[in-house]
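Right, one structure below, let's go through it.
The values are calculated or read from the model by the stated rules, or taken from the named source; none is laboratory data. These figures come from a predicted structure and were not determined experimentally. Every residue, glycine as well, gets a Cβ built from its backbone with ideal geometry; the counts of neighbours run over all protein chains shown.
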Amino acid sequence: MIDWNRVSELREEVGEDNFDEVIDLFLFEVEDELARLRHCRDAETLAARLHFLKGSALNLGFAAFSDLCQAGETAAGKSAEPETDTDAILTCYDQSKQAFVRGLHRFAAA
């Protein structure tokens with residue numbers, strides 16, 4: 001669910017002092033975008049929102065969430081009527097966030 005190698009790379013890239021700030025910013029931006037996703041009705045906007053979410057997820061190692069966003073983005077790009085399971089995407093994000101927060105404590109101690 002979480003690519004801990006990517007998390008480690010990011011931590012090295014931004015530095016330990018800035019890492020918590022990056023995490024906070026990521027969570028804020030993603031949750032803001034997810035709130036908009038819930039009300040998205042047209043395929044073009046849905047694809048754009050999912051593209052943003054996918055990229056954000058990849059940056060912080062949310063692998064399963066990123067995969068669902070990619071699948072949704074692809075599906076939205078093929079149809080004027082969005083058929084993306086946004087509930088599954090939202091659920092995956094919640095589960096990924098929980099796993100990340102739990103694992104981050106162990107990760108930071110390592």
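Only one of the listed residues (H39, H51) is surrounded by fewer than 18 Cβ atoms within 10 Å (Cβ to Cβ) and modelled with pLDDT of 95 or more. That residue is H51.
If you go through region 47-80 and keep only what is assigned to a helix (DSSP H, G or I), among the hydrophobic types (A, V, I, L, M, F, W, C) and under 10 Å from the mean Cα position of the chain (by Cα), you end up with L50, F52, L53, A57, L58, L60, A63, A64, F65, L68, C69. Evaluating R41 against the criteria (1) outside any helix (DSSP H, G or I); (2) under 13 Å from the mean Cα position of the chain (by Cα); (3) of a type outside the set (S, T, Y) leaves one unmet condition, (2). Taking the stated definitions as given, is F26 farther than 17 Å from D87 by Cα, in contact with a Leu (Cβ under 9 Å, 6 or more places away or on another chain) and either outside any helix (DSSP H, G or I) or not basic (K, R) (or both)? Yes; evaluated as a whole, the condition is true for this residue. When the test is whether a residue is in a helix (DSSP H, G or I) and closer than 17 Å to F100 by Cβ, D17 does not pass it. Selection of region 38-67 for residues being more than 21 Å from V101 (Cβ to Cβ) and touching a residue at least 24 places away in the same chain (Cβ under 8 Å) yields R38, C40, R41, D42, A43, E44, L46, A47, L50. Might you let me know whether region 62-69 holds any residue that is hydroxyl-bearing (S, T, Y), surrounded by 14 or more Cβ atoms within 10 Å (Cβ to Cβ) and touching a Leu at 6+ places or on another chain (Cβ under 7 Å)? Yes, region 62-69 contains at least one residue that is hydroxyl-bearing (S, T, Y), surrounded by 14 or more Cβ atoms within 10 Å (Cβ to Cβ) and touching a Leu at 6+ places or on another chain (Cβ under 7 Å).
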